[in-house]
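The values are calculated or read from the model by the stated rules, or taken from the named source; none is laboratory data. Note that the structure is a prediction, hence the values are computed from the model and not measured. All Cβ positions, glycine included, derive from the backbone under ideal geometry; neighbour counts span all protein chains shown. Just so you know, the surface numbers come from the protein's heavy atoms only, side chains and all, with ligands and any DNA or RNA stripped out. Shrake-Rupley method; radii C 1.70, N 1.55, O 1.52, S 1.80 Å.
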Amino acid sequence: MAPPTPEWVKQLTPSGPQGHELLAAERASSDIPVDQLSTLLHTKEVLDRKQQILTILKSEPVFDKTQNYFAGRTERFETALARAKKLANLKVKHNWNLDEYRTAHDLISEPGPYGLHDSMFVITLGEQGTPEQQERFLTKAQKYEIIGCYAQTELGHGSNVRGLETTATWSPEDKTFIIHSPHLTASKWWIGSLGRTANHAVVMAQLIINGKSFGPHPFVVQIRDLKTHEPLENVHVGDIGPKFGYNTMDNGFLLFNKVKIPHVNMLARFSRVDPETNKFVRQGSPSLIYGTLTWVRSTIVMQAGSVLARGVTIATRYCAVRRQFQDRDAPASEKSENPVLNYTMVQIRLLPLLAATFALHFTGKAMMELYQENQKRMNAGNGNRDSSKRGAGPEETQSGSDILADLHASSCGLKALSSTIAAEGLEVCRRACGGHGYSSFSGIGPWYSDYLPTTTWEGDNYMLTQQVARYLLKSARSVINKEPPTNDTTTILTEFLSRSEVGCAFDIIGSDADLVSAFAWRTSFLTFEALKHRDQNKKPWNDLLVDFYRLSKAHSQYTVVKNFYNALQSPAVTSQIPASTLDVLRKLFRLFALNTLEQEGSEFYASGACSKHQISLARTNTVMKLLKEIRPHALRLVDSWAFDDWVLDSSLGRYDGKVYEDLFYRASVTNPLNGITVDPYPSSDVLFKKVEGIAARSKL
Amino acid sequence: MPDFTDHLKPRYDGTATLQAERDASTINVRDLANHLLSRDGFLQAQDRVLKVLSNEKLFKKDQQLNLSRPERYHLGLARAKAIRRIGRTQGWGDKEYAMAEYLNDEMSPYFLHMSMFVTTVREQGSEEQQAYWMPQILNYDIIGCYAQTELGHGSNVRGLETTAKWDPVKKEFEIHSPYLTASKWWNGSMGRTATHAIVVAQLLLPKKGSKTDDDEYQSHGPQPFIVQIRDTKTHQPLDGIVVGDIGPKYGYASMDNGYMLFDHHRVAKSAMLSRYAEVSDETGALNRRGHPAVVYGSLTFVRGQIIMHARLILARAVTIAVRYCSIRRQFKDRDSTSPADEELKVLDYPTVQIRILPLLATTFALHYTGEMMYNLYHKTRQTIEKGDFGMLAELHSASSGLKSLCTMLAADGIETCRRAMGGHGFGGGSGLVGTNADYLSKPTVEGDNWMITQQVASYLIKKMTHAVANLDAPPKDPTDELFQFYLKNRAHRIPQTVAHDGEYDDQAIVDVFQWRAADLSYRAYHARVVEKKPWTKLMIQLHNLSRAYSEQILVTTFFNSFHETATSLSGPTPGVLKTCFRLYALFTLDAFASSFTLTNAVAPDSIYSLSDAILDLMTELRPHAVKLVDAWSIPDWLLDSALGRSDGKVYEELYDMAHRRNPLNRVTFNPDWRSDEIVLGSGDGGRHILAKL
Ligand SMILES: Cc1cc2nc3c(=O)[nH]c(=O)nc-3n(C[C@H](O)[C@H](O)[C@H](O)COP(=O)(O)OP(=O)(O)OC[C@H]3O[C@@H](n4cnc5c(N)ncnc54)[C@H](O)[C@@H]3O)c2cc1C
Ligand SMILES: Cc1cc2nc3c(=O)[nH]c(=O)nc-3n(C[C@H](O)[C@H](O)[C@H](O)COP(=O)(O)OP(=O)(O)OC[C@H]3O[C@@H](n4cnc5c(N)ncnc54)[C@H](O)[C@@H]3O)c2cc1C
């Protein structure tokens, strides 16, 4: 460790008003009841659960975070494995259910080596395995007697699953499948938990029977010995190396050299090979899987709100403590400096993001509720999903007749929009903190780099927008064919078509409902424009991708604005918080909507949803006024997200505002580099003259 | 160890793919490379130094991302030393050393010694001080750093809290940190390496006529002092000084950014760098002399360098993205009917193009502006030496806006490229992990990108105020000219259309960028000077103004290069560069469309057709993309990227890195949660890891 701190340094305090005083003053400037708002966001049950689990985690030394930012890759992984094991033990010890176990993961906030076992491996076995297979694999997996991962992506293919190169060839003689990697690009790649941890994998491979390919299907394959943990013969597996983030996870590669697996290892709930006739048999509908995808994406939307809220919490608290310059217009006698949060230049970066945290939260929540409702309705009969007519995804079904289709398309677009907002927002927060934002102790940078893959997995954010566009085009065709509207999308398209001759006159500044309608109008306009390009002008699909991207973005922005608006109208929300707080939330709504509208101004203008003058007014007056009105509440609003300091692991974002003390403590006390004395001169090839503490090991 | 994977090949041959791309364009790469990179013999120096460094094992990059923070610093210091020693044997000059830093591509623990430390002594030291210090500095007998920023203050230099109090009896200064927030912070090379520091501290002098009572001191603002901080033998901090490394950062792993506190630390009078100001021995008064404008001159030069660097960084990211995306195939064309069709290269998808190709165009936009700044700097230098600071104001304020815009374009551009590459972009094989993390410091250092835009805005408001009052005065610079033109025409402005049915009006493109900048300047002038609005309230508007003004410079300068490129380059190259100009301009116009329409620069109805124009331009540019990035001549060794390799062996390299060069694969773990053992067979119940926490 570092040398001891001299007494005169221990005596020093930050100059001027202290961090905790500044934050106390901030909190005093607003009357938002933080606990009430927290409960509204998270529910009492969840808040209590977090508190309980947090107490347990904090008492375990293995979860200590102090050295996280210093260690090398191998050490980080080792620690992560130790943590994963400890969690699995705690789960048993405290008899945690799945929600509690997940909460513990969230609180630790780093990807762990059991991550894919706990999620995709178990889910896939459950969803795609027959009862017999579940008995055989799932039970063991749930007890961690086997540890698995989900191996779909390959070196050469990720988005295009149909293009996977790994093959599973049916061998009628001995009733087995031969799993094989014919090219280097067939190597499985990126597979979480595979690199060093898993001994089993669900492998997606092209099923080949008698020389004919039947597309990708899931196979359970054992890859490592259960005792020695060495790869089995003709299996080649390892970790893919260091990454932008996610370094506590062993994302892996995997190659097969004609490995035989028994017939029972093809997950056969929806399709199988008949061992007698050697024929491919499809049974049942995999549309349930699309349901799961929709669910997973809705979770991403809701998570995006809290992922971003972490960055916003840190940046807002820090910018309230950080003071820099006197106000330029202040009298010369005024000595004290301004908190940088008072500068509109900082506000315009942080406050719309603060608004976005709530917008995304309410949107995700609404989506999940709608999904569950619909699920219930479908289970209650009337769930006649004719599988034979179903194509690749639910958006291929007759649109306009199916809420699930609408939900599925919305979830694609929203996953893309919300994870982009969150990822980019985190970086904006980091930069808004100036120099100290660049320190790992800000807590934003590492969090951001672990979050970034969310923009790529579960559907690449650009790719997904094509699905949304395809769905919107279908919907628009049905509306043009005068089919009656059956869901929100067809409703707004019908409304637009009926008024497109006369046009609209939305009061975007005076009326919140009109503001929502303006977003609906722009989306509808872009939908029919795109339809014209595709159907009338017969433009190639490829040439329209940028238009589609914009269209999907417009539709998702509309969905967020609408859901945020609806949430603030619903009694479930309005009855839980005082009118003054509701008023602040409505301001956040307006800020989010108008700031978005201003940024996409030319589309709103082109669609006729509003005039140039309105946009200009929104920019120069309304948004500025909203920033000023929201400013005093900023601290309490982020407090309501209720992040524990232990979770944030940030000097800048501490609840008590002791920013400088904590930065200094971490730098001078926990930093192993300060145990090293160097020889600085180029003329000498001695590097480290003296190494004390834990910094000794060198791997050069 | 040989295994069955040794003989596997990728499904598509990357080398042949890139060759086909190169064959499809007739751009002469060598000519274009010389056109872009011949200043100061850049290309030749690159070849020379590359040959030396790439043969030294110490400079192998492939384990960097696996190392811990202390190991990264260790390696950084070893390399820094080696570069100096190699340089001595090779007889390198400044140019070669700079090239070695560029190619080594990580922050050297000597970086501040070679930059801010030596520059400050050279610029602010008296002749006597220079004579004393410069030989020691140049010989690396001492190692220096630059300690300005503190824990509590960075942007606001006047607010620094470290004090240097003059003791009129002993004729020395006492340097002291009265608060925790006075701790120096972020200062590069200071944490473990430096023996000396330039310490910027508030100069406290006794008030006139007073004795030495504490209250009787008055601050004369921040001044630079050269202070020894560590013992030259033991390398331990001197008494009364606490100094150390501030810990891990987003990037800059090899650099020891430091903190430092002083406890009434005494230094001789000669410590204060006194070219422009000196404390009088007799009276204890501060005598100022000369004009520190030269300092602004060098700041401007530094910003010019930042822009030239930004273009190379962006070019690096674009090189990787263009090459990888022309090898990466995913899906068949949706409208394809033949089963024989191959999967499309993802660079042929417009949603991939629109992220990468405008950035490719941006590299050239940055280039011509960087060149212009270099030239202007040299011109201005001469007039300064003649005692005329005229052009400096223009250049200085323009440079802060450009620094802000260009570093932001590059920082965001790296990330855009990285994300455009899907999953592999996230991997260490992208070659962008370190680049991204290190470069992200740039929007903050050398003037926070949001903060410094206020300088441009305030300059433009001044210019506009002057133009309004003196409509017919002879213009002193292009900005005067523009503002006068604007004021005379604003009453009858006709918004322009810049692209129509595949025709582009380049002159009109320049015009609309200039008009928008002028109009926003006028609005800012009106809000501040006429309506007297509070500064803080205007900040966002001012920030947008700075951006618009800087974009105008990029566009105008790019346009002005046509003449030269048309004569010095042949074949399709001048035309392709023109396409880059249009793409950069129209892409920007589209992204900020409402700013262009609200200022009456362009006709609102013409905006809608821009997306088609942009698609057309991208289609024009697409066949040349690989050759254009080739022209930036970034060596594979520097790219250090599996995805960006010039020979297209993307997958082979990714696999090799994962399989053969990954230390994690040398460890077999015990994954069973019931066992405390982490490394299989070690019998260690996690104690080894716990000991480190
Ligand atoms: C940290 C991390 C963890 C992961 N974990 C797992 C795991 O556990 N299991 C697993 O199976 N996978 C995993 N993945 C892989 C992940 O699912 C894929 O990376 C993702 O699906 C994207 O595919 P890709 O990488 O092939 O991107 P590509 O498809 O190659 O995308 C490259 C670019 O091309 C564009 N593009 C591609 N096709 C089109 C098209 N038709 N039209 C327009 N543009 C197009 C994309 O937008 C993108 O910009 C993980 C990835 C990461 C980064
Ligand atoms: C990697 C790295 C290396 C560095 N190396 C050195 C070094 O060698 N020597 C050295 O002395 N320093 C160094 N620094 C410090 C660097 O110069 C400062 O971090 C930088 O000047 C920004 O200042 P700050 O951190 O105080 O940001 P702050 O000023 O605190 O900025 C915080 C936020 O407030 C905003 N803000 C501040 N003032 C205003 C205003 N008046 N109006 C509107 N908005 C405002 C900013 O835009 C920002 O969003 C380094 C920093 C980094 C990150």
Practice task
Being within 11 Å of chain B (Cβ to nearest Cβ), basic (K, R) and more than 9 Å from ligand 2 (Cβ to nearest atom) is the filter here, so list the residues in the stretch A:316-359 that pass it.
Solution key: A:K335
Completion exercise
Filter the stretch A:440-454 for residues that are aromatic (F, W, Y) and more than 8 Å from every other protein chain (Cβ to nearest Cβ); the one that is farthest from ligand 2 (Cβ to nearest atom) is A:Y451
Practice task
Determine whether A:K532 is within 14 Å of chain B (Cβ to nearest Cβ), surrounded by fewer than 22 Cβ atoms within 10 Å (Cβ to Cβ), over 30 Å from B:Y252 (Cβ atoms) and not small (G, A, S).
Solution key: yes
Exercise for the section: Look at A:G437 and say whether it is part of a helix (DSSP H, G or I), in contact (Cβ under 8 Å) with a residue 12 or more places away in the chain, facing chain B (nearest Cβ under 9 Å) and out of contact with any Asp or Glu (no Cβ under 9 Å at 6 or more places or on another chain). Expected result: yes
Problem - Those residues of the stretch B:129-173 which are open to solvent by 20 Å² or more (accessible area, probe 1.4 Å), farther than 27 Å from B:T444 by Cβ and within 14 Å of chain A (Cβ to nearest Cβ), in sequence order - result: B:Q136, B:L138, B:N139, B:D141
Exercise for the section: Could you please tell me which pairs satisfy a Cβ distance under 8 Å, a separation of 6+ or placement on different chains, a first residue in the stretch B:55-76 that is at the interface with chain A (Cβ under 7 Å from one of its Cβ atoms) and more than 22 Å from B:S189 (Cβ to Cβ), and a second residue that is assigned to a helix (DSSP H, G or I) and of a type in the set (G, A, S)? Expected result: B:L65/B:G428; B:L65/B:G434
Practice task
Hand me the list of helices (runs of 4 or more DSSP H) wholly inside the stretch B:378-465 holding 1 or more residues that are among the polar types (S, T, N, Q) and within 13 Å of chain A (Cβ to nearest Cβ).
Solution key: B:390-420, B:433-439
Exercise for the section: State yes or no: is A:D679 of a type outside the set (S, T, N, Q), in contact (Cβ under 8 Å) with a residue 24 or more places away in the chain and open to solvent by 10 Å² or more (accessible area, probe 1.4 Å)? Expected result: no
Completion exercise
Those residues of the stretch B:589-605 that are closer than 23 Å to B:N560 by Cα and crowded, with 23+ Cβ neighbours inside 10 Å come to a total of 4
Exercise for the section: Find the residue count for the stretch A:497-515, including only residues that are open to solvent by 20 Å² or more (accessible area, probe 1.4 Å) and in a helix (DSSP H, G or I). Expected result: 6
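From the list B:Q455, B:Q496, which one is in contact (Cβ under 8 Å) with a residue 24 or more places away in the chain, away from ligand 2 (no atom under 16 Å from the Cβ) and open to solvent by 40 Å² or more (accessible area, probe 1.4 Å)?
Unique residue meeting the criteria: B:Q496.
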Problem - Hits in the stretch B:638-663 - residues which are touching a strand residue (DSSP E or B) at 6+ places or on another chain (Cβ under 9 Å) and assigned to a loop (DSSP other than H, G, I, E, B) - result: B:A642, B:L643, B:N662
Problem - Matching option when the condition is touching a Leu at 6+ places or on another chain (Cβ under 8 Å), open to solvent by less than 50 Å² (accessible area, probe 1.4 Å) and either more than 30 Å from B:K649 (Cα to Cα) or within 11 Å of ligand 1 (Cβ to nearest atom) (or both), among A:V161, A:V122 - result: A:V122
Exercise for the section: Inspect the stretch B:140-158 for any residue being part of a helix (DSSP H, G or I) and more than 26 Å from B:S219 (Cα to Cα) and give the result as yes or no. Expected result: no
Problem - Breaking point among (1) in a helix (DSSP H, G or I); (2) at pLDDT below 95; (3) within 14 Å of chain A (Cβ to nearest Cβ), for B:Y97 - result: (2)
Problem - Matching residues, the stretch B:675-688, being at the interface with chain A (Cβ under 8 Å from one of its Cβ atoms) and either under 21 Å from A:G156 (Cβ atoms) or assigned to a loop (DSSP other than H, G, I, E, B) (or both) - result: B:S675, B:D676, B:I678, B:L680, B:G686
Problem - Pairs with Cβ under 7 Å, 6+ apart, first in the stretch B:342-355 and facing chain A (nearest Cβ under 7 Å), second among the hydroxyl-bearing types (S, T, Y) and more than 7 Å from ligand 1 (Cβ to nearest atom) - result: B:T351/A:Y549
